[in-house]
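Quick note: the coordinates plus some simple rules give every number you see, no bench work behind them. The structure presented is a predicted model; accordingly, all values stated were derived computationally and were not measured. A quick note on method: Cβ atoms are made from the backbone with ideal geometry, for glycine too, and the neighbour counts reach across all protein chains shown.
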Amino acid sequence: MKTPLSDSALDQLFRAAHTAHGFGPEPVTNETLHALHDLLKWGPTSFNCQPARFVFIRSAGAKERLKPALSPGNVAQTMAAPVTVIVASDSRFFELLPAQFPAYDAKPLYENNATLARDTAFRNGSLQGAYLILAARALGLDCGPMSGFDAASVDAEFFPGGRFRSNFLVNIGTADPTKFFPRGPRLAFSEAAHIL
Ligand SMILES: Cc1cc2nc3c(=O)[nH]c(=O)nc-3n(C[C@H](O)[C@H](O)[C@H](O)COP(=O)(O)O)c2cc1C
């Protein structure tokens, strides 16, 4: 077993990490976005498929394209965020599998089973989005994930070909602590887990 991370690292990743609903002025550089991807890409996925696609929205013009699809409660926080990420999934992820998992030809499993392909893209794309949140926290950033938006509108605007589907959004930057919501309680081990 490796050495557990320090208490301060665990605080930063989990215990003290709060969902951001407002942001300070510190920018998120392109170098940081590359560093973020260089971490999250190592998170495990089934057959090493990597269905997630990340659209980093920084410019005012791109924010304006996203704005009409947002739920009203998400507009101000998204406009204030230095970067908003569209976490999307590639519905034809299996076309890249021969390169991503050369040990076994898994492509036919998915190209001949639309339900399995859809479920696999959603499961692993969601995992990769979660890896993005933890990687961002590890780099010292704060995140505000959001599912309050019209996915069909986002897909029509940003993925008109129909191959990619938006899953959720993540605002990233440095949180404005005055905008944190009160911490909600988490389930106890006895409520959420069983040891059999
Ligand atoms: C997938 C997902 C979707 C969410 N959607 C929204 C949203 O649309 N708008 C919003 O303000 N917060 C949204 N949240 C934030 C959650 O309410 C928040 O992460 C949760 O209550 C935990 O808050 P805490 O980190 O401050 O403890 C979402 C979070 C996740 C992970």
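Given contacts defined as C-alpha pairs under 8 Å and at least six residues apart, what's the relative contact order of the stretch 1-110, whole-number percent? List each step's numbers first, then the result.
Details: 76 pairs, mean separation 34.6, N = 110.
Here the relative contact order equals 31 percent.
Bins of 10 Å, beginning at zero and ending with the bin holding the largest distance: percent of Cα pairs per bin for the stretch 22-72, please.
Here the calculated profile for the stretch 22-72 is 17, 38, 33, 12, 0.
For the stretch 23-95 and the stretch 111-173, compute the distance between their C-alpha centroids and round to whole Å.
With the stretch 23-95 and the stretch 111-173 each reduced to a Cα centre, they are spaced 8 Å.
So for Asp176, Asp105, Asp90, fewest C-beta neighbours within 10 Å to most, what's the order?
In increasing order of surrounding Cβ atoms, one gets Asp105, Asp176, Asp90.
Taking a ≥ b ≥ c as the square roots of the eigenvalues of the Cα gyration tensor of the chain, is the shape rounded (a/c under 1.5), prolate (a/b larger than b/c) or oblate?
It comes out oblate by the Cα gyration axes.
With contacts defined as alpha carbon pairs under 8 Å and 6 or more residues apart, what's the relative contact order of the chain in percent? It would help to have the intermediate numbers written out before the result.
Numbers: 287 pairs, mean separation 68.5, N = 196.
Over the chain, the number comes to 35 percent.
Within 10 Å of each residue's Cβ, count the other Cβ atoms and sort Tyr104, Tyr110 from fewest upward.
The fewest-first ordering by Cβ neighbours comes to Tyr104, Tyr110.
Computed FRET efficiency, Cβ-Cβ of Leu187 and Asp150, R0 35 Å: what is it to the nearest 0.05?
0.70
Measure off 7 Å from each Cα along the Cα-to-Cβ vector at Leu134 and Asn30, then give the distance between these two points in nanometres to one decimal.
It is 3.0 nm.
Enumerate by residue number the chymotrypsin sites (Phe, Trp or Tyr not before Pro) in the stretch 28-58 meeting two conditions: DSSP loop (anything except H, G, I, E, B), and at most 14 other Cβ atoms within 10 Å of the site's Cβ.
Values: sites: Trp42, Phe47, Phe54, Phe56; in loops: Trp42.
Of the chymotrypsin sites (Phe, Trp or Tyr not before Pro), the ones in loops of the stretch 28-58 whose Cβ has at most 14 other Cβ atoms within 10 Å are Trp42.
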